[in-house]
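To keep things clear, I will list the structure first and then write my remarks on it.
The values are calculated or read from the model by the stated rules, or taken from the named source; none is laboratory data. Computed from a predicted model, the values in this text were never measured in an experiment. Note that each Cβ is placed from the backbone with ideal geometry, even for glycine, and that neighbours are counted across all protein chains shown.
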């Protein structure tokens, strides 16, 4: 008598197979994420491979519209503190540094990701969680920006000067709105180094492997990200006085200096630091 002709024999032989099949179906359908044992979110200072970048691009191709959601600016402009701010300069400095740091937090990006089953399936296929995808977005963005740095833009020098300027500004415990206009202008001019310092310190930590990986897929990555990610991050915030030899800067509400002429060859380039009460 065959197993198929006897109910008891059939369940005796097929029972273990059905149980195994049920487990496999459960792991594929409802519990697929159990297979993702590594849920560590990459930081921008950790190495990635070209295979990681390729997997990321493939996932983006299966997002709605085949593109990333609108990303918030990762690079903030230099500070433009309101003249009426009553906080001490030192507190404004710390607040600015915190705002710069928060731009590179992956968690807000998670909430921007689409609610799409296709997207989720491809994340699972590439062994990624939503958090890991958001983190990889920042890792790739940082590597793309790092790839635009020119040799003469020495990041270690920018970091050193930025740190010194940050420390000096932190010593100013007077309310910002109490400063005379010239001093207020000077503080804002120096506060731009907070922005340069943050960018240089962040990009200096990007491994060269990451730069090589994104360069391999640059043509596919560049259209996915805002142009600020694929443009040199320092060109737009350069100190024109030092780099271009611009002799004058106009103060807010001051007279235009366009009518003035000067001879760069005979000029003494520099800046007189105003005396500030500390």
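Data overview
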item	result
Selection within the stretch 190-205 - touching a helix residue (DSSP H, G or I) at 6+ places or on another chain (Cβ under 7 Å) and under 21 Å from residue 47 (Cβ atoms)	200, 201, 202, 203, 204
Boolean, residue 181 is exposed (fewer than 14 other Cβ atoms within 10 Å of the Cβ) and in the same structural domain as residue 74 (by TED's automatic domain parsing)	yes
Selected residue [part of a loop (DSSP other than H, G, I, E, B) and either buried (at least 20 other Cβ atoms within 10 Å of the Cβ) or touching a helix residue (DSSP H, G or I) at 6+ places or on another chain (Cβ under 6 Å) (or both)] from 85, 150, 127	85
Residue within the stretch 41-50 that is modelled with pLDDT of 95 or more, surrounded by 15 or more Cβ atoms within 10 Å (Cβ to Cβ) and out of contact with any helix residue (DSSP H, G or I) (no Cβ under 7 Å at 6 or more places or on another chain) present	yes
Residue in the stretch 52-71 that is assigned by TED's automatic domain parsing to the domain that holds residue 163, surrounded by 12 or more Cβ atoms within 10 Å (Cβ to Cβ) and closer than 22 Å to residue 198 by Cβ present	yes
